[in-house]
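Data first, discussion second: the structure below is written as structure tokens.
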Amino acid sequence: MSKKNVDLGTGKVGKLLVSLALPSIIAQLVNVLYNIVDRVFIGRIPNGEIAMAGVGVAFPIIMLVSAFSALIGFGGAPLVAMKMGEKDNDGAEKIMSNSFSTLIIISIILTVGLLIFREPILLAFGASEATLGYALDYLTIYLIGTIFVQIALGMNPFINTQGFAKIGMITVAIGAIINIVLDPIFIFGLNMGVKGAALATVVGQMVSAIWVLQFLFGKKSILKIRKKYIIPSLKVIIPVMALGISPFIMQATESIVLISLNNQLLKYGGDLAVGAMTIMSSVMQIILLPLTGLTQGAQPIISYNFGANQLDRVKKTFKLLLICCLTYTVSMWAAIMITPETFVRIFNNKPELMEITSWSMRIYFAGILVFGAQIACQQTFLALGQAKISTVLALLRKIVLLVPLIFILPLFLQDGLQAVLLAEPIADIVATAVTVSTFIIFYKKKLGGSSQKMNNESIA
């Protein structure tokens with residue numbers, strides 16, 4: 001532990017950032033493979049463009065299911081870490097065991113509720129007569145595996161928080177590899193189509209869930225899931241949910257964005273436009289992943305040095321993070337503007353889908369140029385303990401700007417489809433401007449002074 005502290009406080013910032021960010025980037029890339037690989041294979045079945053649109057319509061529901069796992073997992077794991085820091089492993093096991101049983105209860109409620117109402121929900125979310133069948137096929141099988149999703153995603157943070165980062169990474173990798181292997185077998189070999197893609201995902205999540213449980217019930221884990229704490233207590237679960245509400249909102253609001261986009265795109269561009277959005281949301285995930293990994297790598301360096309009052313190292317780390325994030329988003333922006341077809345071909349090569357997706361991408365991703373600054377500043381707020389500011393700024397982009405613009409812009413522009421697509425770059429640019437301005441004010445106030453000044457402020 002001391003070596004880690006020394007490294008964070010004295011090691012070269014560049015080397016530290018690479019060493020901490022690289023595993024995070026790899027984990028993020030592996031994690032997203034579930035959805036990306038499914039879409040790659042689905043795009044190559046007969047009527048692949050319509051099938052992809054169907055899966056795209058179902059995706060907000062899938063994100064909502066994942067959001068509930070974040071509510072418990074990301075809410076409970078920090079509390080467990082605090083209890084371990086207090087040398088109260090019994091209290092930590094109580095939180096973890098309560099979280100496990102709560103996830104099972106949530107999964108049962110979600111499975112039953114969503115299976116009953118899946119068709120009207122999908123229609124409300126933008127499904128058409130052509131895409132509804134595909135959406136139902138995929139979602140029905142996926143929902144049957146909800147309990148595996150909740151356990152795999154919701155309990156894995158409890159492995160990471162104990163210091164077993166490699167075990168946590170294997171959890172994600174196992175599921176993704178199984179999904180990749182089974183996808184072509186189920187989809188093409190057994191001729192199951194979108195049902196095969198969903199089944200491959202469920203099997204992958206099931207194996208991940210088994211891996212998580214065998215570790216948390218096994219001898220290697222510092223903390224164990226205990227039968228005596230299995231019945232959930234409100235005194236334990238309410239603080240967990242209170243802490244997990246922020247990541248829950250972040251994921252849940254992403255569903256709202258996708259629902260809004262799918263509905264408006266169906267209205268102004270039909271099923272092909274929804275299919276194009278499915279591809280573009282996948283590309284957006286690919287763009288965001290390295291950024292997430294970079295910021296996750298920078299966070300412990302920034303947090304530690306801010307706590308240690310080494311403001312120069314905080315500034316140096318932030319500047320390096322900002323440069324890396326902006327360089328990456330500018331590069332991706334240039335690649336999309338020059339050759340959008342390259343990205344589309346990964347998922348589908350049908351001329352009509354390629355055409356609409358290629359020109360749509362140039363509009364939709366126009367604001368990604370500056371998005372690196374948004375992410376760097378927003379995540380640095382988190383690293384400095386300003387979670388509320390970070391959440392507010394994220395909600396500004398998605399809920400305050402993006403969702404209303406999706407519905408407002410078509411009222412003023414003749415081409416409704418282009419108007420819907422324009423909402424994204426406008427929201428990106430405005431949100432980035434507000435975030436950077438807010439960060440500059442915060443930077444001058446909190447990071448502009450000397451270490452002595454900071455100490456005096458703390459004493460006062």
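The values are calculated or read from the model by the stated rules, or taken from the named source; none is laboratory data. All values reported here derive from a predicted model rather than from experimental measurement. Here the Cβ positions follow ideal geometry from the backbone for every residue, glycine too, while neighbour counts run over all protein chains shown.
Which condition number in (1) at pLDDT below 90; (2) in contact with a Gly (Cβ under 7 Å, 6 or more places away or on another chain) is the one that I187 fails?
Unmet for I187, out of (1) at pLDDT below 90; (2) in contact with a Gly (Cβ under 7 Å, 6 or more places away or on another chain): (1).
Among the residues of the stretch 344-352, are any aromatic (F, W, Y) and part of a helix (DSSP H, G or I)?
Checking the stretch 344-352: not a single residue is aromatic (F, W, Y) and part of a helix (DSSP H, G or I).
If N348 satisfies all but one of (1) loosely packed, with under 15 Cβ neighbours inside 10 Å; (2) more than 30 Å from L17 (Cα to Cα), what's the number of the condition it fails?
Unmet condition: (1).
Can you name every residue in the stretch 84-117 that is farther than 20 Å from G244 by Cβ and touching a residue at least 40 places away in the same chain (Cβ under 8 Å)?
Selection gives N89, L114.
With the condition kept exactly as written, say whether any residue in the stretch 103-122 is within 18 Å of Q214 (Cα to Cα), of a type in the set (A, V, I, L, M, F, W, C) and either assigned to a helix (DSSP H, G or I) or under 22 Å from the mean Cα position of the chain (by Cα) (or both).
Yes.
Among residues belonging to the stretch 402-447 that are surrounded by 18 or more Cβ atoms within 10 Å (Cβ to Cβ) and of a type outside the set (A, V, I, L, M, F, W, C), point out the one that is farthest from the chain's Cα centre (by Cα).
Filtering first and then ranking leaves P410.
Here are T329, T317: which of them is within 21 Å of the chain's Cα centre (by Cα), farther than 27 Å from N47 by Cβ and among the hydroxyl-bearing types (S, T, Y)?
Among T329, T317, only T329 is within 21 Å of the chain's Cα centre (by Cα), farther than 27 Å from N47 by Cβ and among the hydroxyl-bearing types (S, T, Y).
In the stretch 335-355, which residues are within 26 Å of the chain's Cα centre (by Cα), among the hydrophobic types (A, V, I, L, M, F, W, C) and either farther than 20 Å from I36 by Cα or modelled with pLDDT of 85 or more (or both)?
Across the stretch 335-355, the qualifying residues are A335, I336, M337, F343, V344.
Considering only the stretch 244-286, state which residues are surrounded by fewer than 20 Cβ atoms within 10 Å (Cβ to Cβ), under 26 Å from V30 (Cβ atoms) and among the hydrophobic types (A, V, I, L, M, F, W, C).
Of everything in the stretch 244-286, those that are surrounded by fewer than 20 Cβ atoms within 10 Å (Cβ to Cβ), under 26 Å from V30 (Cβ atoms) and among the hydrophobic types (A, V, I, L, M, F, W, C) turn out to be I249, M250, A252, M284, I286.
Go through the stretch 181-226 and count every residue that is in a helix (DSSP H, G or I) and either more than 30 Å from N89 (Cα to Cα) or touching a strand residue (DSSP E or B) at 6+ places or on another chain (Cβ under 9 Å) (or both).
So the count comes out to 20.
Of the conditions (1) modelled with pLDDT under 85; (2) more than 17 Å from I104 (Cβ to Cβ); (3) under 27 Å from the mean Cα position of the chain (by Cα); (4) not small (G, A, S), V207 clears all except one; give me its number.
(1)
Among what's in the stretch 56-113 and is within 16 Å of A252 (Cβ to Cβ) and of a type outside the set (A, V, I, L, M, F, W, C), pick the residue that is surrounded by the fewest Cβ atoms within 10 Å (Cβ to Cβ).
G113
Return the pairs, sorted by first residue and then second, in which the second residue is outside any helix (DSSP H, G or I) and not polar (S, T, N, Q), the first residue lies in the stretch 60-76 and is within 19 Å of V274 (Cα to Cα) and at pLDDT 85 or above, the beta carbons are less than 9 Å apart, and the residues are 6+ apart or on different chains.
Sorted first by the residue in the stretch 60-76, then by its partner, the pairs are P60/F125; P60/G126; I61/F125.
G175: touching a helix residue (DSSP H, G or I) at 6+ places or on another chain (Cβ under 6 Å), assigned to a helix (DSSP H, G or I) and farther than 27 Å from A53 by Cα, yes or no?
When the stated conditions are applied, G175 does not pass them.
Quick check: anything in the stretch 376-385 more than 22 Å from I429 (Cβ to Cβ) and more than 24 Å from the chain's Cα centre (by Cα)?
no
Quick one: in the stretch 125-135, which of the residues that are surrounded by fewer than 24 Cβ atoms within 10 Å (Cβ to Cβ), touching a residue at least 60 places away in the same chain (Cβ under 8 Å) and not in a loop (DSSP other than H, G, I, E, B) is farthest from the chain's Cα centre (by Cα)?
Step by step, filter the stretch 125-135, then rank; the result is A130.
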